[in-house]
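Worksheet for the structure shown next.
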Amino acid sequence: MAMLTTVPDGADRAIVRRAVARLRKRLPDLAGRLVGEILSGEGGDRPSGSREDLWEVCHTGLGHGFAAILDSGRGRADLTWAEELGRRRAEQGLPLDRLLRSYRLAGTVFWDALVETVTEDDPAHVPALVRQATRTWQAIDQQSSAAAAAYHRTEYELLRRSVERVNAVVDALLEGRGDGGLIATAVSVLGLPPSGRYAVVMLRQDEPVRLGDSAAGGMRFIWRVRADAQVAVVDLGEAGLDDLEAALRPHLHAHAGVSAVVDGLADLGTARWLAELALRTCRPGEPDIARIDRRLPEALLVSQPELAGRLHERVLGPLADLDPGTRDVLIETLAVWLECDGSAARAATRLYCHHNTVLNRLRRVENLTGRRLARPRDLVEVVLALGSRDLSGD
């Protein structure tokens, strides 16, 4: 630890300088005394490294402090050392309060030794030390502040590097680059098992979603904010997709896509693609959670937009020649009839018309499209074409 750096010119300064010059000869003993003070307060939780390492740090710091007093014109090596020590302690992961406590103890050891020396050699000059007390502890504060500032800068830099590394690993997994080396790195950096039950969530909203393990039924979320979406790798544990949906819903202000469950980190690229497809099936309106396994026909359409558009044109294209009002009535009737599982009576109730009116409209759709709704293959084409129309917003 470094010590007093500057004292005023004049007699008081000369007294302190003479005392420090004598103390310099006792520097190894003072370093040992400081080590003892530090360790006695740590109990069983000792600083990392050996006692010899700690002695070397104390010896160096006290030496810088003595040099700053005896040769103040050569700059503030004590502050440079304080910054170095703060950086080193942050890299070692030691608590900042332990470092600051060491500086306080160093100040006490120095001050007690200074008083002892002046009392023994120049007792008449002890009052001069009282006038220097404030200056001494101001110097200790400067050194502590320099060490703390360097500690915080280093801590922030280490955290930034850690976050960047986590993001890089998550991005690589989501991009499907799950080779053996990456999986081993992901296990180390993310703390996730290579095999397990995983899902990916993708959503487009500016507000971050904050879900901790305890708030999500034991599921673990690792979020990655991208330019166009937020993406989460979810370690499901024993939870299911129903549990995942229930955990997400209170936090959503926009649509979300949820992948199927995959069996390991190596499959997260596929899961990300499925979550993206699920998200693309969402239609304008209230926030919706789209699970890919419940949106497979729609996902098929959005994954092949050119083919979906061609299907729409071939099947429903003839309706484009109708006036908009008539076309919308026919499309609505067809959609409601499908939602009612092919029941004309239930569709009529929803549409506030007679069930024969529904049947007449459906026959007109059949005549215009050339498809028979009672024929399975034709019905599949009509359903997919209608889905393509809805997803395209046409």
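The values are calculated or read from the model by the stated rules, or taken from the named source; none is laboratory data. Quick caveat: nothing in here was measured; it's all calculated off a predicted structure. Positions of Cβ are generated from backbone atoms using ideal geometry, with glycine treated the same way; all protein chains shown enter the neighbour counts. Remember, those area values only see protein heavy atoms, side chains included, never the ligands or the DNA or RNA. Shrake-Rupley method; radii C 1.70, N 1.55, O 1.52, S 1.80 Å.
How large is ³J(HN,Hα) for each residue in the stretch 181-196, as worked out from phi by the Karplus curve 6.51 cos²θ - 1.76 cosθ + 1.60 (θ = phi - 60°), to whole Hz, x for Gly and Pro?
x, 5, 4, 4, 5, 4, 4, 6, 7, 9, x, 10, x, x, 10, x
Classify the stretch 281-322 from the C-alpha gyration tensor, please: rounded if a/c falls under 1.5, else prolate or oblate depending on whether a/b exceeds b/c.
Verdict is oblate for the stretch 281-322.
Assign unit charges at the C-beta atoms only (+1 for Lys and Arg, -1 for Asp and Glu), then state the dipole size of the stretch 281-394 relative to its Cα centre in Debye, rounded to the nearest 20.
420
Can you find, among ALA184, ILE222, LEU252, the residue farthest towards the positive end of the dipole of the chain? Put +1 on the C-beta of Lys and Arg, -1 on that of Asp and Glu.
LEU252
Find the accessible area per residue for the chain; the probe is 1.4 Å, ligands and nucleic acids are left out, and the unit is Å².
51
Go through ASP390, ASP53 and list them by solvent-accessible area, largest first, probe radius 1.4 Å.
From most exposed to least exposed: ASP53, ASP390.
So if each residue of separation counts as 0.36 nm, and I subtract the Cα-Cα distance between HIS152 and ASP242, what length gain in nm does that give?
28.1 nm
Give, rounded to the nearest 20 debye, the magnitude of the charge dipole that the stretch 296-340 has about its Cα centre when Lys and Arg contribute +1 at Cβ and Asp and Glu contribute -1 at Cβ.
Dipole magnitude for the stretch 296-340 comes out near 160 debye.
With all protein chains present, calculate the accessible area of VAL57 using a 1.4 Å probe and round the result to the nearest 10 Å².
Roughly 10 Å² of VAL57 is accessible to a 1.4 Å probe.
Quick one: among ASP171, ASP141, ASP97, which has the greatest mean-square fluctuation in a GNM of the chain with alpha-carbon springs under 10 angstrom?
It is ASP97.
Could you sort TYR156, TYR198 by their accessible area in this structure, using a 1.4 Å probe and putting the largest first?
The ordering from most to least exposed comes out as TYR156, TYR198.
LEU338 accessible area, nearest 10 Å², 1.4 Å probe?
So the heavy atoms of LEU338 present about 50 Å² to solvent.
Using the basic label-point model (7 angstrom from Cα toward the beta carbon), what is the ALA254 to ARG294 distance in nanometres?
Label-label distance for ALA254 and ARG294, simple model: 2.1 nm.
Taking 8 Å as the Cα distance limit and 6 or more residues as the minimum spacing, I'd like the relative contact order of the chain as a percentage.
For the chain, the relative contact order is 12 percent.
Might you work out the accessible area of LEU277 for me, using a 1.4 Å probe with all protein chains in place, and round it to the nearest 10 Å²?
Estimated to the nearest 10 Å², LEU277 gives 10 Å².
Let me have the 222 nm mean residue ellipticity of the chain computed from DSSP H runs of 4+ only, each contributing -39500 (n - 2.57), with the sum over all residues rounded to the nearest 500.
So the calculated ellipticity at 222 nm is -21000 deg cm²/dmol.
Be a star and scan the stretch 248-269 for residues whose amide nitrogen sits under 16 Å from the point 7 Å along the Cα-to-Cβ vector of ARG226.
Label zone hits: 255-260, 267-269.
Could you calculate the FRET efficiency of ALA133 with THR270 from 1/(1 + (r/R0)^6), where r is the beta carbon distance between them and R0 is 51 Å, rounded to 0.05?
E between ALA133 and THR270, to the nearest 0.05, is 0.15.
Considering only protein heavy atoms and a 1.4 Å probe, what is the carbon-and-sulfur percentage of the accessible area of the chain?
Result for the chain: 51 percent of the exposed heavy-atom area is carbon or sulfur.
Starting from 0.36 nm per residue, how many nanometres of slack lie between ALA14 and LEU359 once their C-alpha separation is accounted for?
Using 0.36 nm per residue and subtracting the Cα-Cα distance, I get 113.1 nm.
With a ≥ b ≥ c taken as the square roots of the eigenvalues of the C-alpha gyration tensor of the stretch 220-363, please select rounded if a/c is under 1.5 and otherwise prolate if a/b is larger than b/c or oblate if it is not?
Taking the square roots of the gyration eigenvalues as a ≥ b ≥ c, the stretch 220-363 is prolate.
R0 = 45 Å: FRET efficiency of ASP122 with ARG51, Cβ-based, nearest 0.05?
Efficiency computed from Cβ-Cβ geometry: 0.85.
Apply the a/c threshold of 1.5 to the C-alpha gyration tensor of the chain and tell me whether it is rounded, prolate or oblate.
Since a/c reaches 1.5 and a/b is larger than b/c, the shape of the chain is classed as prolate.
Note the full-extension length gain between ASP97 and THR349 as 0.36 nm times their separation in residues minus their Cα-Cα distance, in nm to one decimal.
Full extension from ASP97 to THR349 adds 83.4 nm.
Of TYR198, GLN142, ASN360, which is farthest along the charge dipole of the chain in the positive direction, counting Lys and Arg as +1 and Asp and Glu as -1 at C-beta?
Comparing the listed Cα positions along the dipole, ASN360 ranks first.
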